[in-house]
Amino acid sequence: MRGRDALDRLRKALGVSGAAVVGVLALLVCATLAWQGGGAADAALGQPANAGGASISGGFDHFKTGFPLTDAHRAVACESCHMGGVFKSAPRTCAGCHDNRMAPGKPVKHIPTSQACDTCHTAKNWTVIRFEHSQTSASCVSCHNNFFVPGKPPTHFPTNANCDSCHRTSTWVTAVFDHSQVTQPCATCHNNVAAEGKPATHIQTSAGCDTCHITASWTTVHFDHSAVTGACATCHNGTTAEGKPPTHIATNGACDACHITANWTTVHFDHSQVSGACANCHNGTTAEGKPATHIATSGACDGCHTTTANWTTVVVDHTLVSGACATCHNGTTATGKPPTHIVTTGACDACHKSTTSWTVIQFDHTQVTGACATCHNGTTAEGKPATHIATNGACDACHITANWTTINFDHTQVTGACATCHNGTTAEGQGVGHISTTAACDTCHITANWTTIHFDHSAVVGACATCHNGVIATGKSATHIATTGACDTCHKSTTDWTVIQFDHTSVSGTCASCHNGTTADGKGLGGAFHINSNTSCGDCHTTANWTVAANQVNHNDVIGTCASCHNGTNGIDGQSPTHITVPGGIDCGACHGTLQWTGANYNHSGSAGLCATCHTGTDGVTGKPANHFVTTHQCDDCHHSTTSWTTSVTYTHPTGLGYWPGTGHNSLACSSCHASNSQTPTYSFNASYAPNCAACHGNRYQPNSHPKGTSPQTYYTVVELQNCSGACHNGTGHHTVNNGNW
């Protein structure tokens with residue numbers, strides 16, 4: 001312990017590693033031995049030597065410096081370390097000289113480390129390295145990155161884990177593999193190249209290894225049949241995996257025809273895959289067999305049970321059954337005699353002769369007990385038909401079994417109306433000549449005497465004339481209004497024939513045939529006003545509404561003037577208060593037509609007053625349109641003809657009132673001055689000069705042509721000469737408005 005403490009203090013004092021201290025101590029021992037034994041050791045350890053072993057230090061004992069030159073350092077020249085003649089304070093550590101200045105130092109591709117060089121290297125052979133991985137704190141890839149030293153080869157399996165997750169520095173090729181560090185599917189490595197892959201005998205599947213296997217225990221398999229390809233028997237063949245047992249049902253079907261992988265014992269049985277007879281399995285041992293209550297038979301199961309889909313659906317083959325019908329058809333084993341069966345003690349096959357068609361019966365009434373209606377009730381057997389006479393009597397009250405259609409009939413036994421039987425089918429019904437009616441027979445007839453009738457019209461259907469034709473019953477009288485209409489068109493009541501609701505649409509002939517003041521009301525009854533006319537009623541009147549609308553009157557048949565009727569009395573319109581004022585003596589027809597009263601052909605020659613008195617745009621008379629020239633003039637100042645109102649339009653400006661001087665402007669259009677569609681002119685220069693020429697022509701005034709004085713020279717302004725024709729242009733050597741050359 002003391003020796004170790006001393007060694008540690010020495011290492012710290014010298015500032016070197018423990019290995020260096022040991023080396024120094026070894027050198028001291030050797031030096032001591034050499035001093036005791038001679039100078040040979042001194043020459044060997046303390047002096048620099050050349051390549052041949054000869055000393056190159058000139059006899060200098062380098063051992064005395066405390067830094068003996070050993071191995072490769074012995075062949076180094078003194079000045080390689082003692083540069084510039086400096087012997088003392090020369091570096092003692094490797095890195096002191098090997099700094100790539102004095103001597104080659106650590107290369108670029110050197111492993112990153114802060115350790116001293118001699119931790120790994122020796123002076124004897126620098127390339128022989130004593131590497132101690134335990135001294136390294138960095139990760140493996142810090143050095144093993146294919147730059148400093150060889151790293152992960154291209155064939156290495158994909159992983160992001162550190163090298164030491166699997167490898168150890170003591171033995172690199174022996175790896176402790178950790179599958180949790182792998183980033184790719186199993187088959188990336190387990191492909192029989194990089195690592196052992198799927199053997200030839202492996203179950204056929206395209207699924208990944210880890211679908212079934214786990215890395216913790218490869219042989220422990222969580223099997224997933226959904227990942228398997230191929231038929232079940234590929235594996236379940238009794239060799240690779242458990243196969244079909246000897247006791248299995250005989251079948252050539254595939255396993256999955258009945259089994260599912262989720263639960264092998266849960267079987268969806270498919271009989272279509274089974275070979276052999278039903279009893280091979282359904283024998284009471286392998287599968288359920290024939291129960292004790294089964295019908296007595298020696299036939300095969302599928303003789304009756306024709307489908308495996310539903311065993312209870314049975315097509316019974318009676319030829320395979322032994323014993324009497326009632327052995328099975330007893331109401332327990334199979335359907336027996338129903339409660340509604342005919343009362344009999346006979347055996348089933350006494351009447352039911354066929355097992356293929358049970359409803360085909362050979363019936364013998366002598367075997368039956370009870371009344372007819374016991375069976376013939378419409379349920380057990382055919383009963384009374386819907387067309388049978390209504391009666392509560394027993395069948396044999398009228399019928400006999402020897403001949404059912406021979407009937408001994410008694411009306412006292414019948415219930416219901418006569419027509420129930422007397423309908424022309426069951427019994428004689430209404431005759432061809434009978435009055436049309438839907439009423440019951442006894443509405444009019446009695447059974448004691450069928451021809452004695454109490455007549456009720458409410459029960460009759462059809463037209464009155466069917467009976468009232470003068471033959472069967474009283475018909476239309478000779479004085480009856482001429483008509484082809486049915487009686488009930490007007491005669492609405494059978495209890496009072498004289499009450500009439502008249503319908504003119506059924507009448508033939510003219511109105512006056514009846515409306516002559518004798519048969520019916522005539523024209524002007526009771527002094528009422530009638531238009532003076534010699535036409536027939538129907539020319540104006542209709543039977544639907546006797547009052548006449550204005551558009552129903554045919555004015556061509558009227559005698560007299562319009563005002564004879566259109567006078568505001570007798571309910572006929574006269575001249576309205578807003579009517580145009582016309583001179584007396586002019587009749588309505590002078591302007592109006594009877595076919596279209598509002599489209600009047602007006603004769604203006606008979607009118608008094610101004611145009612605007614009538615032409616206001618109201619009362620149906622056309623007025624001034626919205627786009628009319630804006631003016632206060634009367635219509636006839638421009639419109640000089642009432643027959644050609646839009647084409648005969650001229651206007652003459654009055655003279656002496658400041659309008660349009662002279663005739664020189666004859667070539668101008670109205671809009672040249674009246675540009676705003678108004679009688680107020682639009683002055684193109686200065687409206688304040690109106691009505692003088694300068695209002696429009698002031699922009700053409702030439703001052704230099706109008707001298708005013710000579711000393712000094714002055715000129716008239718446009719204001720002074722604004723009325724060109726009145727000021728200077730008066731025809732005395734100058735142009736006037738009457739001269740086109742101005």
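Of all the listed residues (505, 519, 498, 494), the sole one being of a type in the set (S, T, N, Q) and surrounded by 13 or more Cβ atoms within 10 Å (Cβ to Cβ) is 494.
Search the stretch 616-632 for residues that are in contact (Cβ under 8 Å) with a residue 40 or more places away in the chain and pair each with any residue that is assigned to a loop (DSSP other than H, G, I, E, B) and among the hydrophobic types (A, V, I, L, M, F, W, C) when their beta-carbon atoms are under 9 Å apart and the residues are at least 6 apart or on different chains. If the second residue must be assigned to a loop (DSSP other than H, G, I, E, B) and among the hydrophobic types (A, V, I, L, M, F, W, C), the pairs left are 619/580; 621/580; 629/638; 631/638. Tell me yes or no: at least one residue of the stretch 284-291 is in contact with a Lys or Arg (Cβ under 9 Å, 6 or more places away or on another chain), exposed (fewer than 15 other Cβ atoms within 10 Å of the Cβ) and at pLDDT 85 or above. Yes; the residues of the stretch 284-291 include at least one that is in contact with a Lys or Arg (Cβ under 9 Å, 6 or more places away or on another chain), exposed (fewer than 15 other Cβ atoms within 10 Å of the Cβ) and at pLDDT 85 or above. Filtering the stretch 197-206 for residues that are under 22 Å from residue 258 (Cα atoms) and out of contact with any strand residue (DSSP E or B) (no Cβ under 9 Å at 6 or more places or on another chain) leaves an empty set.
Within the stretch 432-467, track down each residue that is of a type outside the set (S, T, N, Q) and over 28 Å from residue 489 (Cα atoms).
442, 445, 446, 448, 450
Number of residues in the stretch 150-207 that are of a type in the set (D, E, K, R) and within 58 Å of the chain's Cα centre (by Cα) equals 3. Elements of the type helices (runs of 4 or more DSSP H) sitting completely within the stretch 299-396 and holding at least 2 residues that are under 30 Å from residue 420 (Cβ atoms), out of contact with any Leu (no Cβ under 9 Å at 6 or more places or on another chain) and without any contact (Cβ under 8 Å) to a residue 40 or more places away in the chain: these cover 372-375.
Quick check: is even one residue across the stretch 472-491 under 30 Å from residue 393 (Cβ atoms), of a type in the set (A, V, I, L, M, F, W, C) and surrounded by fewer than 14 Cβ atoms within 10 Å (Cβ to Cβ)?
Among the residues of the stretch 472-491, not one is under 30 Å from residue 393 (Cβ atoms), of a type in the set (A, V, I, L, M, F, W, C) and surrounded by fewer than 14 Cβ atoms within 10 Å (Cβ to Cβ), which makes the answer no.
Just one of the listed residues (412, 498) is of a type outside the set (Lys, Arg), assigned to a helix (DSSP H, G or I) and either modelled with pLDDT of 85 or more or out of contact with any Lys or Arg (no Cβ under 9 Å at 6 or more places or on another chain) (or both), and it is 412.
The residue list 429, 462 contains one member that is in contact with a strand residue (DSSP E or B) (Cβ under 6 Å, 6 or more places away or on another chain) and assigned to a loop (DSSP other than H, G, I, E, B), which is 429. Taken over the stretch 258-274, the criterion of being assigned to a loop (DSSP other than H, G, I, E, B) and under 47 Å from the mean Cα position of the chain (by Cα) is satisfied by 258, 260, 261, 262, 263, 264, 266, 268, 269, 270. Here the stretch 240-257 is the region considered, the condition is being not in a loop (DSSP other than H, G, I, E, B) and not hydrophobic (A, V, I, L, M, F, W, C), and the residue that is surrounded by the most Cβ atoms within 10 Å (Cβ to Cβ) is 251. For the stretch 600-633, the tally of residues that are in contact with an Asp or Glu (Cβ under 9 Å, 6 or more places away or on another chain) and surrounded by fewer than 14 Cβ atoms within 10 Å (Cβ to Cβ) stands at 1.
Listed by first and then second residue, the pairs linking a residue in the stretch 258-274 that is closer than 17 Å to residue 227 by Cα and modelled with pLDDT of 85 or more to a residue that is aliphatic (A, V, I, L, M) and part of a strand (DSSP E or B), with Cβ atoms under 8 Å apart and 6 or more places separating them unless they lie on different chains, are 259/267.
Just one of the listed residues (200, 241) is more than 30 Å from residue 153 (Cα to Cα) and among the small types (Gly, Ala, Ser), namely 241. Taken as a whole, the structure places residue 308 among residues that are surrounded by 12 or more Cβ atoms within 10 Å (Cβ to Cβ), β-branched (Val, Ile, Thr) and in contact with a strand residue (DSSP E or B) (Cβ under 9 Å, 6 or more places away or on another chain). You will find that of 514, 490, the residue that is out of contact with any Lys or Arg (no Cβ under 8 Å at 6 or more places or on another chain), in contact (Cβ under 8 Å) with a residue 12 or more places away in the chain and more than 30 Å from residue 572 (Cα to Cα) is 490 and no other. So, in the stretch 182-206, of the ones that are more than 28 Å from residue 160 (Cβ to Cβ) and touching a helix residue (DSSP H, G or I) at 6+ places or on another chain (Cβ under 7 Å), which residue ends up surrounded by the fewest Cβ atoms within 10 Å (Cβ to Cβ)? Checking each candidate, the answer is 204.
Go through the stretch 117-140 and give me each residue that's outside any loop (DSSP other than H, G, I, E, B) and modelled with pLDDT of 85 or more.
Of the stretch 117-140, the ones outside any loop (DSSP other than H, G, I, E, B) are 117-119, 133-135, 140.
Residues satisfying the conditions are 117, 140.
Any chance the stretch 561-582 includes a residue that's acidic (Asp, Glu), at pLDDT 80 or above and part of a loop (DSSP other than H, G, I, E, B)? Checked the stretch 561-582: at least one residue is acidic (Asp, Glu), at pLDDT 80 or above and part of a loop (DSSP other than H, G, I, E, B).
Looking at 236, 225, can you tell me which residue is modelled with pLDDT under 85 and surrounded by 12 or more Cβ atoms within 10 Å (Cβ to Cβ)? Criteria check complete, one pass: 225. Taken over the stretch 436-462, the criterion of being under 19 Å from residue 496 (Cβ atoms) and surrounded by 12 or more Cβ atoms within 10 Å (Cβ to Cβ) is satisfied by 455, 456, 457, 459, 460.
The values are calculated or read from the model by the stated rules, or taken from the named source; none is laboratory data. Keep in mind that this is a model prediction, so the values were computed, not measured. Note that we place each Cβ from the backbone using ideal geometry, even for glycine, and neighbour counts take in every protein chain shown.
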